[in-house]
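Participant: Encoded as structure tokens, here's the structure I'll be asking about.
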Amino acid sequence: MKATEGKYKYGMVINLDKCTGCGTCTVACAAENNLSVIRDETDKQRTISWMQLFKVTNGKPFPDTEVSYFPRPCMHCHNHTPCVSVCPPTATKMDYNNGIVSQIYTRCIGCRYCQAACPYQARYFNWWDGHFPKGTERYLSPEVSVRMRGVVEKCSFCHHRLMRAKEQAYAEDRRELEDGEYITACTEVCPAEAITFGDLNDPDSKVAKLSKHPQAFRLLERIGTEPKVYYISSKDWVRRMADNYHPNEFQPV
Amino acid sequence: MEINRRNFIQLLAGGAAGIHMTPLPWKLMDDIAIWTQNNWPWVPKPEKGRFDHEKSVCTLCPGGCGIEVRKVGDRAVKIEGRTDYPVNPGGICPLGAGGLQLLYDETIRFTSPMKRVGPRGAGQFTAISWSEALATLAERIGMLRKEGRPEALAAVDGNRRGNAEGTLIRRLLESVGSPNYFRMPSIEDTYTTANLLMQGNPGPMAYDLENADYILSVGPALIEGWGAPGRVIAAWGRWHESSNGNGPKVVQVESRASNTASKSDGWVAPRPGTEAALALGLAHVMIREKLVDLSFLSNYTHGFEDWTDEEGRNRKGFRSMVLDGYAPAEVEGITGVSADRIVAIGREFGKAKSPLALYGKGKGNLNGSLLECMAVQSLNALKGNINKPGGAVVQEGLPVASWADVSPDAVAARGLETGRLNGSGSPRLPLSESLVENLSRAVLESNGTPPVDTLLVFAANPVYTLPDGGAFGKALGKIPFIVSFSPFRDETAAMADLILPDHTNLEKLEDVVWPTGLQYPFLGLSRPVVRPLYKTRHSGDAVIALAGKIGDPVAAAFPWGGFEEALKERLRGLAESPGLTSWDESKPAWETFARGRSVSPDYDSFDDLWDQLESSGFWYRPTHAFYTWLSCFRTPSGKFEFASGRLEQAVKAAAGGDAGDGLRKMGVEAVGDQAYMPHYEQTLSGDGEEGLKLVPYELFNVSTDRLPNPPFLTKTLFDTQLRKDESFVKMNPATADRLGLEQGERIRIQSDAGEVKARVDRFEGAMPGYLYLPMGFGHTAYGIYQKGKGVNPMNLVAAGKDPLSGQSVWWSARVRVSKA
Amino acid sequence: MTPLSFEWHWNADYLVFMGLLYVALAVIGAGLIYTFLKTWMDLESGESELPPEIESRKKYAAY
Amino acid sequence: MDSALFPEGVKRCSPKVFLLWTLPWLALLAWGGLSAFLCLWKGLNQTNMSNIFAFAIWIVFDLAVIALGAGAFFTGFLTYVIGRKELKSIINAAVIIGFICYSGAVAMLGIDIGQPIRGWFIFWHANVHSMLTEVSFCISAYLGVLAIEYIPIILENRQIEKVPHLRLFGHNLHHIMGVFAATGTFLSFFHQGSLGGMFGVMYARPFAERWDFYVWPTTFFLFVFSAIAAGPCFTILCTKLTEAISRKKLVPDNAVQFLARLSGWLLSGYLVLKIIDTAVWANTTVPNAGLGLMDFYREGPYGIWMLIAEIGIFGIVPAVMLMIPQVRQNPAGLIVACLMNCTGIVLNRFVFIIATLAIPVMPFARFWSYLPTWQEWGIAMALVGYGFLLFSVSYRYLPVFPKEQELNPAMNG
């Protein structure tokens, strides 16, 4: 299953120096994508949060302690996408034309093999039917279907926003989208503008340039999943957190 | 062909076989599968409708970010940032992004006026009509006036200082005849008082941090909700643009490895409550090493050098005080920060071109310490970085118009002459406007008829948010009649007898006055983006209607048809002042501001201005008269005062001559000249032996103020902050080892005010000897996502008083810990 | 999934995998049909009168 | 009372005793029924599975019983395809055990998936690249084969046998059983393999990942190998247990000894491959992922003991025991060796499922622990209850052990 390169390859760069760990991306994602709420949202093993914050510390004692955050959307792995290849009813697929890994909720049978195969813990199962306190079904967006229990879901790079942007472009008689015309909800909302989103295949796009930044890296790069989500950090200890290294192997930039 | 049984069956069988040769059955099977899976009756199906966007301003915190609400038909489906708003270029905060869960969750809101039917606190209400509700209240107020004790009407208001609704409420009390209008504490109290004492002008604190090149942030949760979060975090992002390494150096002063501390370029961790000593230690280094702006100090400040007062006495100046009392070694002893570090930071600050020292406490939802704020501001003064681009800017308030004065009748005039119940403004506490904690004390300590008969609560949830160990809630038990104007079923509303629910932010017209810390005058107009969902009413309208029902002379003080009319009259002032209602996205307001050119207004009349305000949602003036040091200070000396003349006058007035007595009454321990200057005094709550201290801390991604926390925000939390119904208290592993506590172990934390249970989170970034308990949890009201989740540290903090201001010391409290 | 399904791809992966599956199912199906037919024919031809002991079981005694 | 249904010439306990015997198993079934109802009605939130432990005790049970049930396909293969006639005395038991294991596993999977009514989507929208698709296809087809193999045994019931149509049908099925057995072997081989492949292909989880041989990772072959090494031992254990409970000798020693000897050799062969595989993995996959072998054995209870126990204690030891005639001919030795063999294989499945998921891959991801809820235990235990019940009923009413009469002449009534 060799990935045939498509025309577009949407990806993301998250600057961890800018990221303040505020969690707005998580909230905006939940609001944009009709994420369900379970009764106990502190159950971190079972809550659904497509954009999840991971907290890391440098492990030094007080007062040299530092914390940092990895906001983690779906990586939309480009190479032999681990979840896509294992899904028995083809409920998840990568669209080679834009690189987005989709999830068909009405197709998913809930076997959770994809969750087992994903090393980024980016996939979430609906252990419950979504709980919508009285009245809150009114904020649900018609652009994203509400999931039923028993299916797996994950970040879609706000695929419906791509559709929206394309429709807008067609309406204006344009074939191509401008850089920044299609961005995800988390990119849009980030108060520090730490997230950049766009087409990695377009050499002029901001995201493509940032992805080539010397301090740019990806999570678990050596496993070979080729994620389309990059991070930038000026801190060695943060960069070291992104992958497993043998002793003395890590090279500070 | 004859149809008989045999060939009918043949036909059927043939047809059945044949149809399987076509894709039809397979396609049908597929469609049926998908159709059934999409139609589970309990999975909501969002209605479709026309897509729309409405611009407004967020009022969920004092930050006032520009928002754009995406709508489908009549429904608001998403809150997003606005890129055409000068404060926040596109981004918002988690609470703002999750705001629709507050709007639409019926289980946490009041859907119509209510009167209490169950016992107080049980939250059992029955719906009544608005006319009945207002009549009940008007009658009660009329009765108080008839009985000649209008001062028994009190109001606690969470509106920001100077907004139209808050001013209306104050006006209601004034016209009825009660001086007992109290505003909920906030960092603004500290800022305005410090500015009054040192600069002679009670304007808002205006920090031009985008143009500073070194930022020493003493206490504010710089990237975790302080000021206008949209503005500060956007600046933060710009500073860390990978392509430019020329952002300012940011040094955070805080006792815990918060996000701000960790993400800053430097972190200094003094013991909580010793920040003033640290600031003065830095001042010591700067003065000793002559890293100060001597020309500013000698020409435009008072009390830097030793001086002689009018009576000819020799007075000590700031310089001698700092050099004598705050040597790095000494400061190390107080703060725990090494002398080397103090010297290093002092030098960095002193050598920077435009270093800015910011003061704050967390998000700023509660007050800070007045002496600390003054000490930090004196660092800016030492560098002459006052009223300069990249400095602390001296600003007047917004140029809004005042309404015609109230003319109280005899009853009201007599009522207004009674002393305020909280003692604020009295000689004992001349520097504070509102001390809500003292109100509860006055009520609790009263015998016989309580001094408050009817309490109105607006836009506040004091039962939960006040750092008073639960005293306010207890006081409510003694107040005969409580009226809540809260749109939410909060703790205070649960104690109320009458509910007159306000709209929530997206349903309400509001003026958003001057986001905290912003360097230029700014007013946002928050417009309703959805029609009110329930039978709620704008509190401004409710107040005006109430005044009408009370009758003259109260009614006469409210000549407006409604809140909008009153607001418009107030905003007329803006039309007479140069300002802008539009913004060019390519020119950040702070850049324009620093250039200091004058602006020509983009409106020519009030009507024009109002139209602009309604569409753009803001008015601002990105210009300033910098370096006007001869005229900008309105202190008794006309200069920036290290030694506050106004304070000295107040102390004298308080004690009738004996300065020491006056100072003691204000809670100041220091004696002599340093008492009038920024100096360090220990601030701590609770009695008992030296030992563990509790520091309540705020999380950016949890609503810690009056608003309930939307469940989406809980998704961003870690389960070392809240797990199931238990809060986690952070402590240094060394401290935990000393107490024999493992990760996750349950403990009981006790103070003189109360006791809570929590679980241990061993965290290297916590200062040894201190416990850090998150705020925003432990509600006893609202819905299933808030009620009973964790504990409220405010139940443990009580009694400590900040010197001079008399406000609460909530940032450090003595506690005891035992295993639970 | 059949070659008529919209997701079907005419490539080796599908042909081998689905092919083998259908072969296995066909063998099982054929076996069953054969047994049914044989039983039916045996009954028709009157060979239903087997000895009370099933032959095959008798054979066990030999081991 | 029900003696008319017994196979000819054998003795069975009274209905009362039998009823008493079934009670605990019925109780397990009831517990499982309640659990299943809750899981289907309220959803999988009734379990302690999570986004971390996406697979849990049910999948461990599933894989374990499928490995142990491999006795059916392997014995069938030896009996019908290779023609080892002595195994005819045990093939019925092996088939029934296999049927129990597979039907139980499939039923459990039906509850385990979040959307049971969409289960058929695997077949309908098959992703032919997924190992789980291969598993599902082969398991369901093989369950059909097992049913076909089971039918003639049912038809041999004394009363059913009286119906000529059915007797003849059973007889004819018997005749071409070789075809089914061969197909079953083919299917079973692929799903045992693809069950292993499921884990080996998870290349983003270095703990499970194994290098590829053609389209299959080595775990494909290791799972097949380990299943045929353990399956016969489980069949032996089941027959020995039946013998112990019924206090009768049911299977001639030659059949048992043949299976035991074969198991010993297969297990040894498997272990050689497993050790090579582990060594290769530890020296290629693991360092390529930036890890050392011991990095996997740090989290919670999942220490290096797993590897030692799986390969050493419950691998090499039973293999040696089974290969030594004196040991395997000793009744106690045989039982212990078979038990250890089965334990080792179950442990292997456990490690591949639970440890794989428990060990975080991202350096900053944390370790979570997992304990099943009573509902999860209920459904797992229902499988045990169902197994005992079906086997007991089969034993009571069907000629499961053709040599029973011969081996117990004294009881001939």
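Participant: I'm checking my understanding of the structure. Among residues of the range D:370-396 that are part of a helix (DSSP H, G or I) and among the β-branched types (V, I, T), which one is farthest from D:A204 (Cα to Cα)?
Facilitator: D:V393
Participant: Do we have D:N157 as assigned to a helix (DSSP H, G or I) and either at pLDDT 95 or above or over 15 Å from D:S130 (Cα atoms) (or both) here?
Facilitator: No; evaluated as a whole, the condition is false for this residue.
Participant: Sticking with this structure for a sec: Regarding D:R349, is this residue surrounded by fewer than 22 Cβ atoms within 10 Å (Cβ to Cβ) and either within 14 Å of another protein chain (Cβ to nearest Cβ) or in contact (Cβ under 8 Å) with a residue 40 or more places away in the chain (or both)?
Facilitator: Considered against the rule, which asks whether it is surrounded by fewer than 22 Cβ atoms within 10 Å (Cβ to Cβ) and either within 14 Å of another protein chain (Cβ to nearest Cβ) or in contact (Cβ under 8 Å) with a residue 40 or more places away in the chain (or both), D:R349 comes out as no.
Participant: Just checking, does the range D:124-131 include any residue being surrounded by fewer than 20 Cβ atoms within 10 Å (Cβ to Cβ) and out of contact with any strand residue (DSSP E or B) (no Cβ under 8 Å at 6 or more places or on another chain)?
Facilitator: Within the range D:124-131, one or more residues are surrounded by fewer than 20 Cβ atoms within 10 Å (Cβ to Cβ) and out of contact with any strand residue (DSSP E or B) (no Cβ under 8 Å at 6 or more places or on another chain).
Participant: Here is a follow-up. Among residues belonging to the range B:74-108 that are closer than 18 Å to B:P46 by Cβ and of a type in the set (V, I, T), point out the one that is nearest to the other protein chains (Cβ to nearest Cβ).
Facilitator: Selected residue: B:V77.
Participant: Something else about it: Test of understanding: among B:W236, B:W226, which residue is free of Cβ contacts under 8 Å to residues at least 40 places away in the same chain, within 20 Å of B:G64 (Cβ to Cβ) and either within 9 Å of chain A (Cβ to nearest Cβ) or surrounded by 24 or more Cβ atoms within 10 Å (Cβ to Cβ) (or both)?
Facilitator: Answer to the selection: B:W236.
Participant: I would also like to ask the following. Taking the condition within 11 Å of chain A (Cβ to nearest Cβ), out of contact with any Ser or Thr (no Cβ under 6 Å at 6 or more places or on another chain) and on the phi < 0 side of the Ramachandran plot, does D:F388 pass?
Facilitator: Here the answer is no, as D:F388 does not meet what is asked.
Participant: Here's a follow-up. Looking only at residues in the range A:28-62 that are surrounded by fewer than 21 Cβ atoms within 10 Å (Cβ to Cβ) and more than 10 Å from chain D (Cβ to nearest Cβ), which one is nearest to A:V238 (Cα to Cα)?
Facilitator: A:N58
Participant: What residue, of A:R123, A:R107, A:R149, is among the charged types (D, E, K, R), out of contact with any Ser or Thr (no Cβ under 8 Å at 6 or more places or on another chain) and at pLDDT below 95?
Facilitator: A:R149
Participant: Something else: Restricting the search to the range B:128-157, which residues are loosely packed, with under 14 Cβ neighbours inside 10 Å and either touching a Phe, Trp or Tyr at 6+ places or on another chain (Cβ under 9 Å) or on the phi > 0 side of the Ramachandran plot (or both)?
Facilitator: B:G148 - this is the single residue of the range B:128-157 that is loosely packed, with under 14 Cβ neighbours inside 10 Å and either touching a Phe, Trp or Tyr at 6+ places or on another chain (Cβ under 9 Å) or on the phi > 0 side of the Ramachandran plot (or both).
Participant: Another question about this same structure. Which of (1) crowded, with 20+ Cβ neighbours inside 10 Å; (2) in contact with a Ser or Thr (Cβ under 9 Å, 6 or more places away or on another chain) is the odd one out, the single condition D:C342 does not satisfy?
Facilitator: Result: D:C342 fails condition (2) only.
Participant: When you look at D:E156, is it charged (D, E, K, R) and under 30 Å from C:I33 (Cα atoms), yes or no?
Facilitator: Answer is yes for this residue.
Participant: Hey, another quick one. I need a count of the residues in the range B:773-785 that are within 12 Å of chain A (Cβ to nearest Cβ), crowded, with 23+ Cβ neighbours inside 10 Å and farther than 12 Å from B:Y464 by Cα.
Facilitator: 1
Participant: A further question follows. Of all residues in the range B:245-277 being over 28 Å from B:G96 (Cβ atoms) and free of Cβ contacts under 8 Å to residues at least 12 places away in the same chain, which is farthest from the other protein chains (Cβ to nearest Cβ)?
Facilitator: So the residue we want is B:N246.
Participant: With respect to D:F37, determine if the residue is away from every other protein chain (no Cβ under 14 Å) and crowded, with 23+ Cβ neighbours inside 10 Å.
Facilitator: No, not satisfied.
Participant: Okay, moving on. Name the residue, out of D:G43, D:G83, that is at pLDDT below 95, surrounded by fewer than 20 Cβ atoms within 10 Å (Cβ to Cβ) and more than 10 Å from chain A (Cβ to nearest Cβ).
Facilitator: D:G83
Participant: Let me ask another. If you go through the range D:272-286 one residue at a time, do you hit one that is closer than 28 Å to D:L87 by Cα, out of contact with any strand residue (DSSP E or B) (no Cβ under 7 Å at 6 or more places or on another chain), exposed (fewer than 15 other Cβ atoms within 10 Å of the Cβ) and small (G, A, S)?
Facilitator: No: zero hits.
Participant: Tell me which residues, restricted to the range A:176-214, are assigned to a loop (DSSP other than H, G, I, E, B) and crowded, with 20+ Cβ neighbours inside 10 Å.
Facilitator: A:Y182, A:I183, A:T184, A:C190, A:P191, A:A192, A:E193, A:A194, A:L200, A:S205, listed by residue number.
Participant: Here's a follow-up. Please note which strands (runs of 3 or more DSSP E) are completely contained in the range B:158-254 and include at least 2 residues that are touching a Gly at 6+ places or on another chain (Cβ under 6 Å).
Facilitator: Because the criterion is at least 2 residues that are touching a Gly at 6+ places or on another chain (Cβ under 6 Å), the strands (runs of 3 or more DSSP E) in the range B:158-254 that meet it are B:214-220.
Participant: Can you name every one of the helices (runs of 4 or more DSSP H) wholly within the range D:37-125 that holds 2 or more residues which are under 15 Å from the mean Cα position of the chain (by Cα) and among the β-branched types (V, I, T)?
Facilitator: D:57-68, D:88-112
Participant: Among the residues of the range D:86-122, how many are of a type in the set (S, T, Y) and either surrounded by fewer than 22 Cβ atoms within 10 Å (Cβ to Cβ) or in contact (Cβ under 8 Å) with a residue 60 or more places away in the chain (or both)?
Facilitator: Count: 2.
Participant: Moving to a separate point now. Applying the selection to the range A:128-166, what residues are within 11 Å of chain D (Cβ to nearest Cβ), over 23 Å from A:M12 (Cα atoms) and touching a strand residue (DSSP E or B) at 6+ places or on another chain (Cβ under 7 Å)?
Facilitator: Result: A:R147, single match.
Participant: Could you tell me which residue of the range B:483-497 is surrounded by the most Cβ atoms within 10 Å (Cβ to Cβ), considering only residues that are aliphatic (A, V, I, L, M) and in a loop (DSSP other than H, G, I, E, B)?
Facilitator: Selected residue: B:A496.
Participant: Does the range D:45-54 include one or more residues that are free of Cβ contacts under 8 Å to residues at least 60 places away in the same chain and out of contact with any strand residue (DSSP E or B) (no Cβ under 7 Å at 6 or more places or on another chain)?
Facilitator: Within the range D:45-54, one or more residues are free of Cβ contacts under 8 Å to residues at least 60 places away in the same chain and out of contact with any strand residue (DSSP E or B) (no Cβ under 7 Å at 6 or more places or on another chain).
Participant: For the range D:167-225, give me each residue that is closer than 22 Å to A:V84 by Cβ, among the β-branched types (V, I, T) and in contact with a helix residue (DSSP H, G or I) (Cβ under 7 Å, 6 or more places away or on another chain).
Facilitator: Listed by number, the residues that qualify are D:V201, D:T219.
Participant: Can you name every residue in the range D:144-165 that is aliphatic (A, V, I, L, M), more than 9 Å from every other protein chain (Cβ to nearest Cβ) and touching a Leu at 6+ places or on another chain (Cβ under 9 Å)?
Facilitator: If the condition is that a residue be aliphatic (A, V, I, L, M), more than 9 Å from every other protein chain (Cβ to nearest Cβ) and touching a Leu at 6+ places or on another chain (Cβ under 9 Å), then D:I151, D:I153, D:I154, D:L155, D:I160, D:V163 are the ones that fit.
Participant: Moving on. Mind checking whether some residue in the range D:14-36 is modelled with pLDDT under 90 and either among the polar types (S, T, N, Q) or under 30 Å from D:M177 (Cβ atoms) (or both)?
Facilitator: There is no residue in the range D:14-36 that is modelled with pLDDT under 90 and either among the polar types (S, T, N, Q) or under 30 Å from D:M177 (Cβ atoms) (or both).
Participant: Within the range B:282-337, considering only helices (runs of 4 or more DSSP H) that don't extend past its boundaries, which have at least 3 residues that are closer than 29 Å to B:V394 by Cβ?
Facilitator: Fully inside the range B:282-337 and qualifying: B:294-300, B:318-325.
The values are calculated or read from the model by the stated rules, or taken from the named source; none is laboratory data. Note that the structure is a prediction, hence the values are computed from the model and not measured. Note that we place each Cβ from the backbone using ideal geometry, even for glycine, and neighbour counts take in every protein chain shown.
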